[in-house]
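Notes for the one structure printed next.
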Amino acid sequence: MSWRRSKLALVVACFSIAIANGAGSRAVMAAAEIPAWCKALPRPEYAALQRVLPNEPWFEVYKVAPQVFAIYEPHQSEETISYLIVGTKQAVLFDTGMGIADLRSVVRRLTSRPIVVLNSHTHDDHVGDNWQFDFVYGMDTDFTRSNAKGSREDAQAEIASGEICGELPKNFNPKSYATKPWRISRFVHDGFKINLGGRTLEIVATPGHTPDAICLLDRANGLLFTGDTYYPAPIWLFRPETDLDAYVASVQRIAALAPDLKLVLGAHNIPVAQPSVLPRLVTAIEAVRAGKGESKPEGADKVISSIDGFSFLLRAPSASRLK
Ligand SMILES: [Zn+2]
């Protein structure tokens, strides 16, 4: 796996820094040591959010709604965000991040209630600390079952050169880093409800990005946690497990919820967005699929297509034909 933003951005940024500094190859090299995505941090949107546990070295934790915590990992290029949603009886941990630092100890400092884990989908950057928890829900798909066996390859790519910003945790071992296997305690499906005590969360199946992609709806409080179906950065829709027709149907479904929502909470980069983004997302992905907007090649087999402030990382047309 790699960045949520274009590798091309790094090249462009280094070049412009070299010019600004009056050229010189040392300026280019210095820029290359700090990835461009890292230089863009902290993202300005975080200034308005309420930070908690400020001394946590790897995670940044923000209280984004009453009893809702966004647990952000700004030192790795995915900038993954997991969420802890707390009720009076139990709490749901929606995703467990990269598995680079000890997430369990952080969420234990946020709540003493029993914690159940539910994943927005089972890509490596959302399930890294699943193994730390006793109870993990899983969507009833082959993709979920296969990912629950763990893997090394995707995890290793997450710590390659240019993927880390700042320090890895002291006890982290890059050589042995892998997504550890986890046990699925209970299979769940579209419409499944979890009663947290004073708060109910409902699974909205949104296949597309992956077959097991879900959004999580807190209807009474107007919150929709969107995983990788929507986040405010280029949305990845190029992997073999992505089904674009299913993705469009899923974003149409969540856009229909927008009038009753107060906040949309995605799984990368920035945790809060306005619900009006969802109908605009439908228009954008439909337009891009109709050939509108701007498309640029991204490596040999992908294109990044942008329109109306949205961008999508898609399989290049020639690569799709080979599938
Ligand atoms: Zn993903």
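The values are calculated or read from the model by the stated rules, or taken from the named source; none is laboratory data. Owing to the predicted nature of the structure, the values given are computational and were not obtained by experimental measurement. A quick note on method: Cβ atoms are made from the backbone with ideal geometry, for glycine too, and the neighbour counts reach across all protein chains shown.
Of the numbered conditions (1) at pLDDT 95 or above; (2) outside the structural domain of N221 (by TED's automatic domain parsing); (3) closer than 26 Å to K170 by Cβ, I34 satisfies every one except a single condition; which is it?
So the condition that I34 fails would be (1).
Going through the range 132-171 one residue at a time, which ones are of a type in the set (D, E) and more than 19 Å from A205 (Cα to Cα)? If you could, list the steps in order and put the result at the bottom.
Start the filter on the range 132-171 by keeping residues that are of a type in the set (D, E), which leaves 134, 140, 142, 153-154, 158, 163, 167.
Matches in the range 132-171: D134, E153, D154, E158, E163, E167.
Output the residues belonging to the range 118-157 that are more than 15 Å from the ligand (Cβ to nearest atom), within 18 Å of the chain's Cα centre (by Cα) and acidic (D, E).
Result: D129, single match.
Going through the range 92-145 one residue at a time, which ones are β-branched (V, I, T) and closer than 19 Å to A157 by Cα? Step through it out loud before you land on a result.
As a first pass, look at the range 92-145 and keep what is β-branched (V, I, T): 92, 96, 100, 106-107, 111, 115-117, 122, 127, 136, 141, 144.
Matches in the range 92-145: T96, I100, T122, V127.
Residues of the range 207-224 being in a strand (DSSP E or B) and free of Cβ contacts under 8 Å to residues at least 60 places away in the same chain, which ones?
Across the range 207-224, the qualifying residues are L217, L224.
Where in the range 115-206 are there helices (runs of 4 or more DSSP H), lying fully within it, with 1 or more residues that are touching a Phe, Trp or Tyr at 6+ places or on another chain (Cβ under 8 Å) and touching a residue at least 12 places away in the same chain (Cβ under 8 Å)?
Details: elements: 124-127, 142-147, 153-157.
Qualifying helices (runs of 4 or more DSSP H): 124-127, 153-157.
For the range 225-261, how many residues are within 17 Å of F310 (Cβ to Cβ) and not acidic (D, E)?
Looking only at the range 225-261, we keep the residues that are within 17 Å of F310 (Cβ to Cβ), and these are 226-238, 242, 244, 247-248, 250-252, 254-255, 258.
Then drop every residue that is not not acidic (D, E), which leaves 226-227, 229-238, 242, 244, 247-248, 250-252, 254-255, 258.
Selection size over the range 225-261: 22.
Give the residue that is farthest from the ligand (Cβ to nearest atom), with candidates limited to residues of the range 264-299 that are in contact with a helix residue (DSSP H, G or I) (Cβ under 8 Å, 6 or more places away or on another chain) and part of a loop (DSSP other than H, G, I, E, B).
S276
Can you confirm whether L110 is buried (at least 24 other Cβ atoms within 10 Å of the Cβ) and either within 16 Å of the ligand (Cβ to nearest atom) or touching a residue at least 40 places away in the same chain (Cβ under 8 Å) (or both)? Reasoning before the result, please.
Values: buried (at least 24 other Cβ atoms within 10 Å of the Cβ): no; either within 16 Å of the ligand (Cβ to nearest atom) or touching a residue at least 40 places away in the same chain (Cβ under 8 Å) (or both): yes.
Criteria not met by L110.
I'd like the full set of residues that are within 19 Å of D243 (Cβ to Cβ) and assigned to a strand (DSSP E or B), limited to the range 300-309.
Taking the range 300-309 first, the residues within 19 Å of D243 (Cβ to Cβ) are 301-303, 305.
Scanning the range 300-309 gives K302, V303, S305.
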